[in-house]
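In what follows, a structure is listed as structure tokens, so that the remarks can point back to it.
The values are calculated or read from the model by the stated rules, or taken from the named source; none is laboratory data. This structure is a prediction, so every number in the text was calculated from the model and none was measured. Neighbour counts are summed over all protein chains in view; Cβ atoms, including those assigned to glycine, are modelled from backbone coordinates with ideal geometry. For the accessible areas, the whole protein counts, side chains as well, though only heavy atoms, and no ligand, DNA or RNA atoms are used. Shrake-Rupley method; radii C 1.70, N 1.55, O 1.52, S 1.80 Å.
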Amino acid sequence: MIRVIKLGGSLLDWPQFPAAVRQWLPKQPAALNVVLPGGGALAETIRRADRDFALGDERSHWLCIDALSISAKIVAAALPEFPLVLGYADLQLRSATQDVGGVIYDPREFLVEHESGLPGRKLPHDWTVTSDSIAARLAEAMPADELALLKSSDPPPGTVTDLAIAGYVDRYFPSAAAKLPPPRLVNLRARAF
């Protein structure tokens, strides 16, 4: 089993996130857990710079991908039992060998070298896409059995489209996740997951 876990960037400013991940993960069925951290405050800084300096969608997109690389390194340092994986081929090898456990995944190489050439809908390079849609695209490409989004709040009721309208996931997520089983939405900050 392969599970892609998007670790919300909003969790990176919470000192308890490593303990919460360590508490949540063993309660899940055994799988190769691919943790893709969000951009958090780094991505918000880029969003403000785009607003203030008109960086443009394409440049902002790739700066945010760089921010995801930084987030992945931070999370790998906070969860040293999970190796940092940089290459899509390494991730595919781990899934082919039915590796069980967890890795922290930096999606930069996947997005630069592989994503646009894979079947399915390509990710737009604009503000409609965040790490939510990137995690969904990775889950489709692997293919993963499950996509879990670890967030800082409870989801609003409704469909995936309703989640996007409410801003709980990015606007492109309903398209990115269209071919996947419904994602699992987890408020990691809640005492009872």
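Applying a 10 Å radius around every beta-carbon, put 29-38, 86-95 in order of their mean neighbour count, most first. Mind dumping the intermediate values first?
On the way: 29-38: 22.0, 86-95: 16.5.
The most tightly packed comes first, giving 29-38, 86-95.
Give me the percent of Cα-Cα pairs in the range 8-47 that sit more than 14 Å apart, rounded to a whole number. Please list the in-between numbers first.
Values: 436 of 780 pairs.
Of all Cα-Cα distances in the range 8-47, 56 percent exceed 14 Å.
Leaving out ligands, DNA and RNA, what percent of the accessible area of the range 1-82 is carbon and sulfur, probe 1.4 Å? Walk me through the intermediate numbers first.
Values: 2320 of 3780 Å².
Taking all protein chains in place, the range 1-82 shows 61 percent carbon and sulfur surface.
Contour minus end-to-end for Asp52 and Arg108, with contour as 0.36 nm per residue of separation and end-to-end as the Cα-Cα distance? If you can, show how the numbers build up before the last one.
Working: separation 56, 0.36 × 56 = 20.16 nm, distance 2.54 nm.
Length difference between fully extended and current span is 17.6 nm.
Here are some pairs, Lys6/Lys27; Lys6/Lys179; Lys73/Lys122; Lys73/Lys151; Lys27/Lys122; which of them have Cα atoms lying more than 22 Å apart in this structure? Can you show the working numbers first?
On the way: Lys6/Lys27 17 Å; Lys6/Lys179 17 Å; Lys73/Lys122 26 Å; Lys73/Lys151 19 Å; Lys27/Lys122 33 Å.
Flagged as over cut-off: Lys73/Lys122; Lys27/Lys122.
Spin-label point model (7 Å from Cα, Cβ direction): what's the Ala190 to Gln23 distance in nm?
1.4
Return the sequence-ordered ³J(HN,Hα) values of the range 38-44 in whole Hz as given by the Karplus equation 6.51 cos²θ - 1.76 cosθ + 1.60 applied to θ = phi - 60°, using x for Gly and Pro.
After applying 6.51 cos²θ - 1.76 cosθ + 1.60, I find x, x, x, 4, 4, 5, 5 Hz.
If you add up the charges near Gly102, with Lys and Arg at +1 and Asp and Glu at -1, over every other residue whose beta carbon is less than 11 angstrom from its beta carbon, what do you get?
+1
Between (1) 15.9, 52; (2) 16.9, 53; (3) 15.5, 47, which entry matches Rg and Dmax of the Cα atoms in Å as derived from the coordinates of this structure?
Looking at Rg and Dmax of the Cα atoms in Å for this model, the match is (3).
Using alpha-carbon pairs under 8 Å, 6+ residues apart, how would you state the relative contact order of the range 132-193 in percent?
Values: 85 pairs, mean separation 28.6, N = 62.
Across the range 132-193, relative contact order equals 46 percent.
With r defined as the distance between the Cβ atoms of Ala78 and Met1 and R0 fixed at 22 Å, what FRET efficiency is calculated, to the nearest 0.05?
Details: r = 25 Å, r/R0 = 1.12.
After rounding to 0.05, the efficiency reads 0.35.
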